[in-house]
1. Using unit Cβ charges (K, R positive; D, E negative) and no other charged atoms, how large, in debye to the nearest 20, is the dipole of the stretch 113-252 about its Cα centre?
2. Separation of the stretch 159-234 and the stretch 109-125 by C-alpha centroid, Å?
3. On full extension of the chain, what length is gained from Leu183 through Ile236, given 0.36 nm per residue of separation minus the C-alpha to C-alpha distance?
4. Determine how large the accessible area of Glu144 is when every protein chain is in place; take a 1.4 Å probe and give Å² rounded to the nearest 10.
5. Projected onto the charge dipole of the stretch 1-104 (+1 at Lys/Arg Cβ, -1 at Asp/Glu Cβ, origin at the Cα centre), which of Val45, Ala78, Thr95 gives the Cα projection farthest towards the positive end?
6. Heavy atoms only, probe 1.4 Å: what % of the accessible area of the chain goes to carbon and sulfur, would you let me know?
7. Can you tell me the dipole magnitude for the chain around its Cα centre, using point charges on the Cβ only (Lys, Arg +1; Asp, Glu -1), in Debye to the nearest 20?
8. Quick query: amide H of Phe84 versus all other amide H atoms, modeled in the peptide plane; which residues come in under 5 Å with a sequence gap of 5 or more or a different chain?
Amino acid sequence: MHRRTSPWLLRRKQQAAAGLRLYCFPHSGASAGEYMRWTGQLPGVEVIGVQAPGRGSRPDEAPHTAMDELVDALVSEAEFDAPFAFFGHSLGALTAYEATKALRERGRTQPVALFVSAMGAPHLQPHEPPTHHLDDELFLRTVEAAGPLPAVVREDPELRDMVLRSLRGDARVLDTYHHTPGLPLDLPVIALGGAEDPETGLLPPWTQYSTCPPRTHVLPGDHFYLREQSEELLGIILDTVRHLGAGTEPVQ
């Protein structure tokens with residue numbers, strides 16, 4: 001089925017015959033382009049990045065600063081080709097969860113599975129002091145506590161301002177997040193994390209958010225374990241969707 005092009009959805013090349021679409025939500029301040037390296041590494045699965053305003057191919061748009069407005073804009077303006085799954089890393093995991101809830105509330109098709117990476121359960125968020133109001137230098141230092149930014153970000157003032165705007169917007173999304181309790185999802189929620197990431201200790205309560213058996217995978221590495229452990233991570237994703245009967249046969 002042909003869908004209209006959406007600025008929210010980034011893909012290298014549309015794969016009409018793919019058996020499953022994997023929509024990937026990036027971490028704070030990141031571009032969906034990071035997931036494009038997965039293209040071709042998941043047989044039968046088309047990888048599509050979710051590109052929010054203010055980053056990547058949408059640098060001139062103002063970033064959203066609240067979860068409800070971000071998710072409302074996404075599900076109102078983007079269409080998801082079924083069957084599909086959601087994968088989200090860090091803040092992207094929380095966004096993917098809220099997007100799944102929003103699809104259910106609107107009576108729309110939900111993902112066959114939700115992969116939540118490096119983000120503790122929603123009712124535990126936020127669990128750190130707010131940062132979006134800090135001055136630029138202190139704010140950057142708090143961001144880099146999870147991993148250094150590329151040197152070019154600090155060397156190029158224009159790029160630095162652009163990155164700061166998207167990072168600060170995402171920080172505010174998390175700082176002001178409020179979880180609204182609801183019924184668990186009728187689909188598998190697979191929690192993933194790095195063994196050295198403190199956030200991994202907050203993954204177990206994700207079991208409360210699904211009516212399906214709990215599934216948690218802890219891989220070697222820190223908050224960005226997915227960069228070094230991509231082969232094992234992609235293997236988990238592929239095994240999961242195949243077990244669910246999705247992603248194994250082309251869509252007719």
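1. For the stretch 113-252, the charge dipole is close to 440 debye.
2. Using only Cα atoms to place each centre, the spacing works out to 7 Å.
3. Length difference between fully extended and current span is 16.5 nm.
4. 50
5. Val45
6. So the carbon and sulfur contribution to the accessible surface is 53 percent.
7. 860
8. Result for Phe84 returns Arg21, Val112.
The values are calculated or read from the model by the stated rules, or taken from the named source; none is laboratory data. This one's a predicted model, so the numbers in the text were calculated from it and none came from an experiment. Cβ: placed from backbone, ideal geometry, glycine included. Neighbour counts: every protein chain shown. Each accessible area value is taken on the protein alone, full model and side chains, heavy atoms only, with ligands, DNA and RNA left out. Shrake-Rupley method; radii C 1.70, N 1.55, O 1.52, S 1.80 Å.
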